[in-house]
1. Can you spot a residue in the range 118-132 that is in contact (Cβ under 8 Å) with a residue 60 or more places away in the chain and touching a Cys at 6+ places or on another chain (Cβ under 9 Å)?
2. Of the residues that sit in the range 379-398 and are open to solvent by less than 20 Å² (accessible area, probe 1.4 Å) and of a type in the set (S, T, Y), which one is nearest to R331 (Cα to Cα)?
3. Mind checking which residues of the range 268-286 are over 20 Å from I421 (Cβ atoms) and surrounded by fewer than 14 Cβ atoms within 10 Å (Cβ to Cβ)?
4. Name the pairs: first residue in the range 72-98 and on the phi > 0 side of the Ramachandran plot, second residue part of a helix (DSSP H, G or I) and of a type in the set (D, E, K, R), Cβ to Cβ under 6 Å, at least 6 apart or on different chains?
5. Tell me, please, whether a residue that is among the hydrophobic types (A, V, I, L, M, F, W, C), touching a strand residue (DSSP E or B) at 6+ places or on another chain (Cβ under 8 Å) and open to solvent by less than 20 Å² (accessible area, probe 1.4 Å) can be found in the range 371-378.
6. If you take the residues of the range 134-173 that are polar (S, T, N, Q) and more than 19 Å from V380 (Cα to Cα), which of them is most open to solvent (accessible area, probe 1.4 Å)?
7. Looking only at residues in the range 287-337 that are hydroxyl-bearing (S, T, Y) and open to solvent by less than 20 Å² (accessible area, probe 1.4 Å), which one is farthest from A258 (Cα to Cα)?
8. Answer with yes or no whether T56 is out of contact with any Asp or Glu (no Cβ under 9 Å at 6 or more places or on another chain) and over 30 Å from I385 (Cβ atoms).
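The values are calculated or read from the model by the stated rules, or taken from the named source; none is laboratory data. These figures come from a predicted structure and were not determined experimentally. Cβ placement follows ideal geometry from the backbone for every residue including glycine, while neighbour counts extend to all protein chains displayed. Only protein heavy atoms, including side chains, enter the accessible area calculation; ligands, DNA and RNA are left aside. Shrake-Rupley method; radii C 1.70, N 1.55, O 1.52, S 1.80 Å.
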Amino acid sequence: MVRTPRLVQGVQFAIFRRRAMHKWIERHGRIFEINVPIFGRSVVVSDPALAKSVCTTSTEQLVNIQPNLNNLFGPGSVFGFDGPRHRDRRRLLTPAFHGQNLENYAKIIEDETVREIANWPEDKEFRTLEPMNRITLNVILRTIFGSARTECNELDELRAIIPPFMKLAQVMAFVPAPPSWTRRYSPWRKLDQFRNAFDRIVDTLIDRAYADPGLGERSDVLASLLRSGCEDGTEMSRRDLCDELLTLVCAGHETTAAVLAWAFERLRRNPDVLAELVGELDEGGSDFRRATIFEVLRVCSVVDVIGRRVTAPTFDLGTWRIPRDRTVFVRIADLHENPEVFPHPQRFDPSRFRDTKPAAPAWLAFGGGTRRCIGADFTVAEIDIVLRTVLRNFAIRTDGAADEKSYFRGVAHIPKRGGRIAVNRRSQLTEKRPSCRPS
Ligand code: HEM
């Protein structure tokens, strides 16, 4: 058990987590206990077999960590459900981000990337995080609400209110919500104002979707949710629908943008990888690009930890017996840096995944088991299309710049200087367009 005072451990866990974890793992091994404000006494694991046990235990015995992201998205968000309700909600949401639907979203992703990069400056260093954020926000809005970007004022309104909400929300994500009478005098007031605006706009979009005679043919997420609810009688209440749409919009873009910014940060410093990627692209291939995406997700764990709360009387984890109400953290970043699984873990080496797909529990970028990320395939497809579109149009300059440090925004870890690169436009190339396929 880590023995420093609770507050000190809290600061280490919240702000200096990576360094603290390295120290604690060295001292206590890959399972130990910390005691931190908000989460209390918590067991931290980074051993693959123990991580698997946590991820695959039923959501009745291990519920989602308290507090969790439904703090922000509302009680109707999948993040707040456990047990059968959680299973049913996942069954409803998952198809929208798989199979044929992914093919349908490919054009949106490519269009948004081409539009965003049209005016990228040449010979001048710039941050990629913000352009990537604009691409991923536009993509997720169009994927969910299904409108051509020029046609819909409501999407413009959402585009304006979501970035400031995300900025504040990430900081507040795991802070317990105060009683309603104090909300007026706290940052929650701003979150409540945002929420009212979001619901007003989304109500209009839902009404319009219900009235759309072409709803049956639409391929967006909202249409798919409305249709499946009507078909099998599991229609969501309007409140749940708004909570869930907010969940998907927010969970579905900043994390992906952070991974893309990290990808550019890594490519700038790895000329051999970049050259192989460009060579493969020009030949019409995509396997090494996939491997590169998996390696970026390993080496730059954007989401570095997941958590659960024990609700069974006890939960047996390896040789540990953990009592009810304790928190259990799985440290994704430390699984990804385990030298027994990934030799020379600090090295950025996509060839690790050249012939093998990364597998849970050693590689857990999207979590695993009962709460595995619903958007995982969608995200990999999106990163793939954005990267190939950028590399087709621009040559990225490489140099020996120092690695960017990681900065923790509250949910996601981003490159501290925004993933800076300098580019030059490539001369026209023969068009060879690989299609979007699930990972
Ligand atoms: C690089 C991008 C992303 C990363 C790194 C990421 C990571 C994760 C992780 C680690 C979890 C598991 C949380 C847990 O076990 O408690 C998760 C869950 C989830 N993700 Fe993602 N995610 C990404 C993109 C997306 C996208 C694009 C969407 C939606 C379109 C999405 C929607 C969700 C949802 C709804 C859950 C909750 C699942 C549940 O509680 O059953 N994520 N994500």
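1. No; the residues of the range 118-132 include none that is in contact (Cβ under 8 Å) with a residue 60 or more places away in the chain and touching a Cys at 6+ places or on another chain (Cβ under 9 Å).
2. Filtering first and then ranking leaves T379.
3. Across the range 268-286, the qualifying residues are E283, G284.
4. Final answer for the pair search is G74/D243.
5. Within the range 371-378 (the criterion being among the hydrophobic types (A, V, I, L, M, F, W, C), touching a strand residue (DSSP E or B) at 6+ places or on another chain (Cβ under 8 Å) and open to solvent by less than 20 Å² (accessible area, probe 1.4 Å)), the answer is no, since none of the residues qualifies.
6. T150
7. T327
8. yes
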